[in-house]
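The values are calculated or read from the model by the stated rules, or taken from the named source; none is laboratory data. Worth saying up front: this structure is predicted, and the values here are computed from it rather than measured. For neighbour counting, all protein chains shown are included, and Cβ atoms are generated from backbone atoms with ideal geometry for every residue, glycine included.
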């Protein structure tokens, strides 16, 4: 299911509402979209998330097991779930006698060889999936200053990647990662060097920490029912704490804005509103739990222009065109009216239910659909008044 792509909902569940003001304006239909692809949600990527440890060995030509080592991997989603990031670290544990003899033949001292035996190798690999072709695309960077670009595919329980190496790296390689079971995989990589030589590495990795179950919540948030339950509860708590933290810092609606939107709202609705300008809208603390369980967060609240917590509206002036300020306030006040009619608990429930029942699409959430529809009616003709509270009551009675 597409649960992860709209966790923006989630948090807006509590959030009362984030107005992104992305409705099309006349004459701008052909402008490029800033909406990202849906976050990675394939089974292979979700399975890999977590911490892994294991052993590796390497053959080079006739030199078998010339090097052995221990290795660790931390794999997680990054950049709002658009990429899978693999951070690796390997420690050489032994070099074969034959290889040590060869090194001494190259006039390396015992201290140089010992240093090589104690060396640590680090790497970062970044993967994603081309949304148009389904091809796996990856880049690798390591502590030997090698850079590689990989392309490949996933078939069944295997991922096959073709790498082309540059800078300090040489030649090309083919890596096959095979899933043995949920907590084990084996990787074999064959390198073809520019001189025709072949090197082969093999690693066996065992999961040491599951990204989706080692959590403070005690819940598996990859389970849709548990995810919705968790988001409703934590979103409601976040809404309450944010409202309490900012209400006293807020101010009543400015008279010039109230004079424009006033005919559309009851006085007691607008009397309850507090506006608080902030330099940044912070992400909710339960984002950390989602990240810990390997669930990507497509929406970064720090980029939002406005959000409503019950009767308290946070506005980041740097994120909104001054000409759209009144329209944004109108949108947020629609959410205030929804809160007053549904109660905070009811709002949270309807928001999550609307998200889960509508393909996890923020723009299909009924509460948001109504807010944007009324906002567009206001924008198109602020002289043609209607009652927001009546519209809300008619919709949610």
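Out of 137, 113, which single residue is surrounded by 13 or more Cβ atoms within 10 Å (Cβ to Cβ) and under 23 Å from residue 79 (Cβ atoms)?
The conditions single out 137.
The number of residues in the range 313-347 that are within 27 Å of the chain's Cα centre (by Cα) and touching a residue at least 60 places away in the same chain (Cβ under 8 Å) comes to 10.
Checked against the criterion of being under 20 Å from residue 193 (Cα atoms), assigned by TED's automatic domain parsing to the domain that holds residue 92, modelled with pLDDT of 80 or more and surrounded by 15 or more Cβ atoms within 10 Å (Cβ to Cβ), the candidates 150, 169 yield just one match: 150. So, residue 386, is that one more than 30 Å from the chain's Cα centre (by Cα), assigned to a loop (DSSP other than H, G, I, E, B) and modelled with pLDDT of 95 or more or not? When the stated conditions are applied, residue 386 passes them.
Residue 349 meets each of the listed conditions (1) surrounded by 17 or more Cβ atoms within 10 Å (Cβ to Cβ); (2) modelled with pLDDT under 90; (3) assigned to a helix (DSSP H, G or I) apart from (1). When each of 42, 65 is tested for being in contact (Cβ under 8 Å) with a residue 12 or more places away in the chain, within 24 Å of the chain's Cα centre (by Cα) and surrounded by fewer than 16 Cβ atoms within 10 Å (Cβ to Cβ), the lone residue that passes is 42. Buried (at least 19 other Cβ atoms within 10 Å of the Cβ), on the phi < 0 side of the Ramachandran plot and touching a strand residue (DSSP E or B) at 6+ places or on another chain (Cβ under 7 Å): is that true of residue 336 in this structure? Answer is yes for this residue.
Restricting to the range 352-383, and then to whatever is outside any helix (DSSP H, G or I) and more than 33 Å from the chain's Cα centre (by Cα), can you tell me which residue is nearest to residue 239 (Cα to Cα)? Show your work before the answer.
Our first condition is that a residue be outside any helix (DSSP H, G or I); within the range 352-383, this holds for 357-361, 365, 381-383.
This time we only want the ones that are more than 33 Å from the chain's Cα centre (by Cα), so: 381-383.
On the way: 381: 32, 382: 30, 383: 33 Å.
In this case the residue turns out to be 382.
When residue 302 is tested against the conditions (1) touching a residue at least 24 places away in the same chain (Cβ under 8 Å); (2) more than 25 Å from residue 263 (Cβ to Cβ); (3) part of a helix (DSSP H, G or I), the lone failure is (1). When the range 22-69 is filtered for residues that are at pLDDT below 85 and over 30 Å from residue 327 (Cβ atoms), the ones remaining, listed by number, are 41, 60, 61, 62, 63, 64, 65, 66, 67.
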